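K.L.:
Dropping a structure here in structure tokens format, bear with me for questions.
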Amino acid sequence: MTDCLFCKIIAGEIPSEKVYEDDDILAFKDIAPKGPVHILFIPKKHYATLNDIPEADLPLISKIHGIVQKIAKETGVDQTGYRTLVNTNKNSGQIVFHVHWHLIGGKKLGPMA
Ligand code: AMP
Ligand code: ZN
């Protein structure tokens, strides 16, 4: 999608600090980290929100969570703990409308709002 920030990151038109990439998924550091580790995981295919991933593509979510496991281990937060979350639409505070998973860790996190 031409007017999407994360599609531009995938295309290399906007720089990012990549931590993982394959044919389907890109993971990169959040520009405004909420903890010592804050990584975003995105499908390379554009879906605006979690609601927009069709049933046929749901295995992608499983694949993303597999990469989350791997990166949590590599960044050393797998045992100390981390939070994985997906914001969806207005009440969640979603800002970027290309579905993404946050991985936040490296410190004690506060309670969920
Ligand atoms: P959300 O509120 O779930 O839509 O989160 C969007 C996230 O994208 C925020 O945590 C932002 O800090 C992050 N973000 C925005 N622009 C960039 C960028 N150019 N590179 C990396 N992360 C970004
Ligand atoms: Zn996009």
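The values are calculated or read from the model by the stated rules, or taken from the named source; none is laboratory data. Computed from a predicted structure; not experimentally measured. Glycine also receives a Cβ, built like all others from the backbone with ideal geometry; neighbour counts cover every protein chain displayed. Accessible surface is based on the protein model in full, side chains and every heavy atom, while ligands, DNA and RNA are left aside. Shrake-Rupley method; radii C 1.70, N 1.55, O 1.52, S 1.80 Å.
K.L.:
Are any of the residues in region 52-73 among the polar types (S, T, N, Q) and either more than 10 Å from ligand 1 (Cβ to nearest atom) or more than 20 Å from residue 31 (Cβ to Cβ) (or both)? Can you show your working first?
P.N.:
Pass one, region 52-73, residues among the polar types (S, T, N, Q): 62, 69.
From the residues that got through so far, the ones that are either more than 10 Å from ligand 1 (Cβ to nearest atom) or more than 20 Å from residue 31 (Cβ to Cβ) (or both) too are 62, 69.
Yes, that holds for at least one residue.
K.L.:
Please count how many residues of region 1-47 are of a type in the set (Val, Ile, Thr), at pLDDT 95 or above and touching a helix residue (DSSP H, G or I) at 6+ places or on another chain (Cβ under 9 Å).
P.N.:
Step one: of region 1-47, the residues of a type in the set (Val, Ile, Thr) are 2, 9-10, 14, 19, 25, 31, 37, 39, 42.
In the following step, the residues that additionally are at pLDDT 95 or above were identified as 9-10, 14, 19, 25, 31, 37, 39, 42.
Checking which are touching a helix residue (DSSP H, G or I) at 6+ places or on another chain (Cβ under 9 Å) leaves us with 14, 19, 25, 37, 39, 42.
Number of matching residues: 6.
K.L.:
Next question. Restricting attention to region 1-43, which residues are touching a strand residue (DSSP E or B) at 6+ places or on another chain (Cβ under 7 Å) and open to solvent by 80 Å² or more (accessible area, probe 1.4 Å)?
P.N.:
Hits for region 1-43 are 17, 18, 29, 34.
K.L.:
Related question: Filter region 56-73 for residues that are surrounded by 13 or more Cβ atoms within 10 Å (Cβ to Cβ) and more than 13 Å from the chain's Cα centre (by Cα); which is farthest from residue 113 (Cα to Cα)?
P.N.:
Selected residue: 57.
K.L.:
Answer with yes or no whether residue 87 is under 19 Å from residue 16 (Cβ atoms), polar (S, T, N, Q) and within 16 Å of ligand 1 (Cβ to nearest atom).
P.N.:
On the way: under 19 Å from residue 16 (Cβ atoms): yes; polar (S, T, N, Q): yes; within 16 Å of ligand 1 (Cβ to nearest atom): yes.
In short, yes.
K.L.:
Now a separate question. Looking only at region 10-51, count every residue that is β-branched (Val, Ile, Thr), within 14 Å of ligand 1 (Cβ to nearest atom) and touching a residue at least 24 places away in the same chain (Cβ under 8 Å) and tell me the total.
P.N.:
6
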